[in-house]
């Protein structure tokens with residue numbers, strides 16, 4: 001069910017008109033060979049082989065056909081691929097026809113010019129292009145001028161794919177709001193208007209009364225989906241503390257909410273999990289949030305709309321290849337100064353559970369510890385109409401056992417992150433994703449109306 005629409009990357013190889021076409025073509029093929037092998041399951045490359053000689057743009061008459069093809073192919077981003085010095089006019093006229101993320105790059109030249117023999121002058125051309133792009137108010141990303149087959153280029157290229165995927169996924173995003181925020185949670189107050197004005201994100205209110213009444217009716221029926229879902233939960237975890245009618249209501253709630261998400265075109269949501277559903281159907285929606293995370297539909301707890309936005313950023317930076325988890329920042333590890341407990345009542349996805357940990361459902365909530373591995377945590381939040389984004393990398397480590405779903409997260413300097421959350425416009429909710437993605441998350445703030453908030457930039461605490 002994961003949102004696996006591949007990123008459509010328009011590849012624009014360019015060369016200088018008077019430099020060797022054959023030499024440029026050889027460089028282009030080398031670059032295509034490398035990028036074609038990277039994340040092919042998550043990106044579709046749109047080339048210009050059918051409209052330009054050797055698939056390289058270098059003549060004025062190449063401009064319009066390239067623009068027309070890229071528009072027809074509905075590209076999501078552009079890779080400005082320098083095969084030599086390139087042509088600034090072609091680059092800027094094609095790129096300014098779109099408002100998309102751009103990667104500017106070319107491979108490192110191996111020798112300087114010799115008498116009567118021109119080299120490629122690739123780096124020189126990229127300096128020229130960057131000035132022209134900036135003069136035309138075009139935002140772009142860049143990977144250092146390194147060899148095509150270097151790890152540095154491959155990492156930079158994949159980071160760009162992650163950044164471009166975030167930008168694409170936030171366009172026309174719809175977030176389901178299921179219930180109002182709990183009265184006591186003033187910290188999750190968010191502006192629907194600001195989300196619409198800044199990002200074009202639409203918040204879709206969904207009637208909690210409608211969901212509750214349909215859930216109760218479905219749970220009391222002989223619905224096959226509900227019965228099969230109950231068996232699946234029992235097979236995955238110890239449900240001995242739960243009654244069958246409670247399990248049926250959890251399964252029914254999952255089907256009803258999933259239907260509403262599909263009906264409204266929402267790929268993320270914020271749900272009032274704290275009091276509404278326990279009072280109305282006898283169980284919280286924590287297990288539904290857990291199971292939705294595992295199918296790639298992140299739901300933020302406590303009707304945290306900005307938490308839903310953060311969750312989409314987290315899932316998109318992972319190229320929609322894995323589930324994320326939504327956590328509270330709770331306590332520092334009594335035995336490790338740089339370790340923090342990422343915890344919530346029970347919404348963490350089962351697929352991220354530590355294999356050594358026993359899975360249980362207690363009072364309708366997931367009860368297990370997450371696996372070891374690298375983790376990035378992030379938060380996007382708003383204050384006075386301005387949006388801020390912060391993130392840090394760390395890893396899952398050992399720590400005291402506790403209730404609910406949890407993982408102990410260790411970062412290089414927890415105090416820096418704590419100051420960032422205290423002084424910055426953030427609350428205690430974060431999205432977590434396994435892997436190291438801080439660089440790609442920072443880069444996306446160059447394309448979106450969000451300020452990057454670097455941990456450690458605040459005055460030190462007293």
Residues satisfying the stated conditions in segment 361-382, i.e. crowded, with 19+ Cβ neighbours inside 10 Å and more than 30 Å from residue 197 (Cα to Cα): 361, 364, 365, 366, 367, 368, 369, 370, 375
Complete set of residues in segment 130-155 that are part of a loop (DSSP other than H, G, I, E, B) and under 27 Å from residue 40 (Cβ atoms): 139, 140, 143, 144, 145, 146, 147, 148, 149, 150
Test: residue in segment 428-439 that is in a helix (DSSP H, G or I), at pLDDT 95 or above and within 30 Å of residue 142 (Cβ to Cβ): yes
Test for residue 268: is it buried (at least 24 other Cβ atoms within 10 Å of the Cβ) and either more than 14 Å from the chain's Cα centre (by Cα) or farther than 19 Å from residue 348 by Cβ (or both): no
Unique residue being assigned to a strand (DSSP E or B) and modelled with pLDDT of 95 or more when the list is 12, 38: 12
Residue count, segment 57-85 (criterion: assigned to a loop (DSSP other than H, G, I, E, B) and within 29 Å of the chain's Cα centre (by Cα)): 4
Segments classed as helices (runs of 4 or more DSSP H), wholly inside segment 257-347, with at least 3 members that are more than 25 Å from residue 230 (Cβ to Cβ): 305-317
Selected residue [crowded, with 21+ Cβ neighbours inside 10 Å and either in contact (Cβ under 8 Å) with a residue 40 or more places away in the chain or within 14 Å of residue 303 (Cα to Cα) (or both)] from 178, 216: 178
Residue pairs meeting the criteria (Cβ under 7 Å; at least 6 apart or on separate chains; first over 20 Å from residue 216 (Cα atoms), in segment 256-276; second part of a helix (DSSP H, G or I) and modelled with pLDDT under 95): 270/303
Qualifying position, being touching a strand residue (DSSP E or B) at 6+ places or on another chain (Cβ under 8 Å) and either at pLDDT 95 or above or farther than 27 Å from residue 168 by Cα (or both), among 129, 64, 109, 50: 129
Subset of segment 383-427 (residues that are more than 27 Å from residue 192 (Cα to Cα) and assigned to a loop (DSSP other than H, G, I, E, B)): 398, 399, 400, 401, 402, 403, 404, 412, 413
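The values are calculated or read from the model by the stated rules, or taken from the named source; none is laboratory data. Because the structure is a prediction, the values reported are computed rather than measured. Reconstructed Cβ throughout: ideal geometry from the backbone, glycine too, with neighbour counts over all protein chains shown.
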